[in-house]
Structures are given as structure tokens and as C-alpha cells.
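See structure below.
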Amino acid sequence: MTRRDWTATLGLDAGARRSRLGFLELSAADRKALTELAQVLEPRLEHLVDRWHRFLLKRPETRELMARSGVREHLRTVQTRYFRTLLAGPYDRRYFHERLRIGFVHERVGLEPPWYTGAYRKFLQLVAEVLRAEGISGSEAVRWIEALEKVVFLDLQLALDAYFHTRNQALVQANERLQALAERLEAQNRALTEAFGRAQEAARVKEAFLAQVSHELRTPLNAILGFADLLSDGIDGPVTPEQRRTLARIRSHGERLVEMIDQMLDAAKLAAVALGAPEAFDPEPVVAEVIRSGEDLAAGKGLGFEADLDRPIPPVQGEPEGLRLALGHLVENAVKFTREGRVGLRVRGHGDRVRFEVWDTGPGVPEEHRQRIFEPFHQVDSGDTREVTGLGMGLPLARRAVERMGGTLELAETGPDGSVFALELARATASSRVDFPNPRD
């Protein structure tokens, strides 16, 4: 295996190495001073290493490392050799390579730059103490220490070079991973956008299909009902009582089919087309439309219809189509189950909610059915209500539409004098409220 040349890795060629040494002003006189210092320290090198190890054992940054089996003796050998080369040089490519290698080892075992600076400072302090203990002071000691400082700063530079090179490589690799992740996310986002576009297109196709189905089914059914009415009116001649009863059954079953088609189409629409995200809107046009429809339905059964509204109706969070679907089914349900009397719609502000109540004077919901009326296909079939038929989807569809808008729908009251269904939506907040046109403008 080829030995890695760390000087080449970090771009420290001969010119760069000379520049480093020149910037530190490491002169021939300094090298002579270091040789003289080495002669003084050599007999005391073991003592110097012992003091160095005692210092390392006191520090939490190095204590654990020193405590590992075999590490301390290995370090003694390595550091003794290190101190000798520090003083003797030569400060050539091999010296730079070895100092860089040591720096990479330190980074790999988790020693940070603050440890480097503290350790090198301690080493200079220990050398100064040895010189004082030997009675060496004055200009000679200053000259030796100044020369040693230059080499120590060279070693510190190289240790930091190794540290920052490794960290920079880690950042480069992390950036590459982030870039790859960003590219994957962008690709996923494009795929999701394309899928969403296809889903929207599919929803539009389904809506168009549902509209066509509604038209194709309603047209012959309306014709059947119309011809039944014409026959009942005697347009083709006198109608016997038995024939009139048969025609009445044709109309009854035809109307039932129309209602079932409407409910199936509503269910399919909820499944095929997602309601918009809840947003602020003015419920007044929807309420007005439901009232007009309710008045027509009630009149067809000889019932009264009452509307009691807060004016103006507060804006709500939701979706107009969802509110129209829910209130429409509630009113149709109220008219269907009420044989005589009245049905009505109340709208009130209710704290941070807006409450829509649809009430009737029908027979109420039997107790055994109250927990299940919002289940799909469940029908109330006891007592006088058995004559009312359908898919049992009106209330489940209404609740599903309301919950998709973040609202609630519940049976608030019921009894022999009638029922009240309460639908609540969040009132539009100040931040979400929008300005709606005044219908009188």
C-alpha cells in the first residue's frame, strides 16, 4: 500500500514549505539555538515527558485517552521522539508530513484545536521551568525559547491545517449528501406535482362524467314522471281509480329513483373531487339558495318553511359547495320525515363558530336509531317513517362534507315534537376574513 503524502494532499510543496518557514523567520541562528537547547534537554527528556503526562492525566480532554491499555507507554515513546525531532529538525518535507499525520490522528481521536493551543503552551512552560531549574536564564534562555516558539507555532499551524482539512472534507461530503437529497426531493416534488396535475385532470373528467350521468339518468326519469302525470290527468282518456293508483306508484318510485341518483352522485362527487381547503367565505348566497329550495320542497308537501337568520351572517371558514351539500341534505331530510307542520333554518353566531340549525315538527328520531343515523345506508324504518325510503346516505354525506371543512354536525334535539340538526363552522378570523360584495350594491 502506497504511503499517503500529506504534504501533497494539503498542497504544501517545496515553495509553500519555504514560505511557511520564512514567515516564521526560522533562521540559521534559530536552528543553532535549538541544537544547543536539545543538548540541555536531552538528559532531562524523560523527566520532561513525565511532567507532560501528569499534565495530560489531569485534563478531561486527554485523561480517557491516556487511560486506555498500552496507550500511555506508546505515547511515551512517540512523544520522546517527537520532542527530539522538534528540537533537531530538519524542517523539511518529511517533517511537515509527520506533523500533518499527527494532526490527522489528533482530529480522528477527537482532540479539538483548543487542546492543541493549551498543550503547546504547556510544553513551552515546562521547557522554561527546566531551564530555570538548571540555572539558565538571561539572554541565552530568551534566545532558546524564542527559537523553540517558532517551531512550536509551525507545528500548531500544521495541526490546524490537518484539523480544518478534515472538517472541510466532512462539510464537502455533507454538502454533497444534502445536494443529492435536494435533487431527490426536487424530483419527488416534480413527480408529486405531475401526479397532482393528473389527479386534478382525473377529477375534472370524473366531474364531467358525473354531470353527464346525472343528465342521462334524469332525462328519461323526468320523462317517465311527466308521462305518468299526463296519463293521470286523463290526456289519453278517462283513468280508472285502479289506474290512477298505479300511476301514483309509478311517480312515487320514479321520485325515489331521482333521490337515489342525487345521493349517489353526491357520494361519488365527494369521493372524486376534493373540496377546497377551508377558507373564508360569505355563506349568505348558499343559505339563500337552500332557503329557496327548502320552500319549494316544503310547499310540495303542504308544509310551512321558516327562515330565522342573523343579519348579516358572519363569514365562515369552509367551502361553499360543502355547505350547500350539507344544508341541502339536512333540509331535504327534514321535509321528507315531516308529514305536517313546518320545517325551518336558523343561523346564529355562536362564539368563534357560526351555527346552522335545521329543524322540523316531524315525529323525531327513535332512540334506538339516534346513534346510527349518520352511518351510511342506515334507514329509520319504525312507525310512520317506514313509508319514507331512500339509500340512507343523506345524513352521512352531510356530515362528511362538514367534517372535511373542519366543522361539526350533530343531532342536537329530538322528540315527538320534532328534531334539530346543528351544523357548526369556524367563524372567519381577522387574518382570514375577506371583503365580500354587498348584494344590495
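The values are calculated or read from the model by the stated rules, or taken from the named source; none is laboratory data. This is a predicted model, so every value here is computed, not measured. Every residue, glycine as well, gets a Cβ built from its backbone with ideal geometry; the counts of neighbours run over all protein chains shown. Side chains are part of the model used for accessible areas, which takes the heavy atoms of the whole protein and leaves out ligands, DNA and RNA. Shrake-Rupley method; radii C 1.70, N 1.55, O 1.52, S 1.80 Å.
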If you scan segment 12-37, which residues turn out to be open to solvent by less than 70 Å² (accessible area, probe 1.4 Å) and closer than 14 Å to GLN157 by Cβ? LEU12, ALA16, ARG17, ARG20, LEU21, GLY22, LEU24, LEU26
Within segment 281-304, track down each residue that is open to solvent by 60 Å² or more (accessible area, probe 1.4 Å) and not in a helix (DSSP H, G or I). LYS301, GLY302
How many of the residues in segment 49-64 are open to solvent by 30 Å² or more (accessible area, probe 1.4 Å), of a type outside the set (A, V, I, L, M) and not in a loop (DSSP other than H, G, I, E, B)? 9
Of all residues in segment 99-149 being under 45 Å from the mean Cα position of the chain (by Cα) and among the small types (Gly, Ala, Ser), the one that is farthest from LEU48 (Cα to Cα): GLY110
Within segment 242-253, the residues that are of a type in the set (Gly, Ala, Ser) and at pLDDT below 80 are SER252
By residue number, the members of segment 67-88 that are of a type in the set (A, V, I, L, M), open to solvent by 30 Å² or more (accessible area, probe 1.4 Å) and closer than 21 Å to LEU26 by Cα are ALA88
Does LEU154 meet the test of being surrounded by 15 or more Cβ atoms within 10 Å (Cβ to Cβ), part of a helix (DSSP H, G or I) and not β-branched (Val, Ile, Thr)? yes
Six or more apart or on different chains, Cβ under 8 Å: which pairs go from a residue in segment 393-417 that's without any contact (Cβ under 8 Å) to a residue 60 or more places away in the chain to one that's of a type in the set (Val, Ile, Thr) and assigned to a helix (DSSP H, G or I)? Could you list them? THR408/VAL402
Between VAL239, VAL258, VAL290, VAL273, which is modelled with pLDDT of 90 or more and of a type outside the set (Gly, Ala, Ser)? VAL290
Quick one: how many residues across segment 6-28 are free of Cβ contacts under 8 Å to residues at least 24 places away in the same chain and either part of a helix (DSSP H, G or I) or not polar (S, T, N, Q) (or both)? 10
Restricting to segment 305-337, give me the number of residues that are out of contact with any Leu (no Cβ under 6 Å at 6 or more places or on another chain) and assigned to a loop (DSSP other than H, G, I, E, B). 6
Taking segment 226-260 only, how many residues are open to solvent by 70 Å² or more (accessible area, probe 1.4 Å) and not in a helix (DSSP H, G or I)? 4
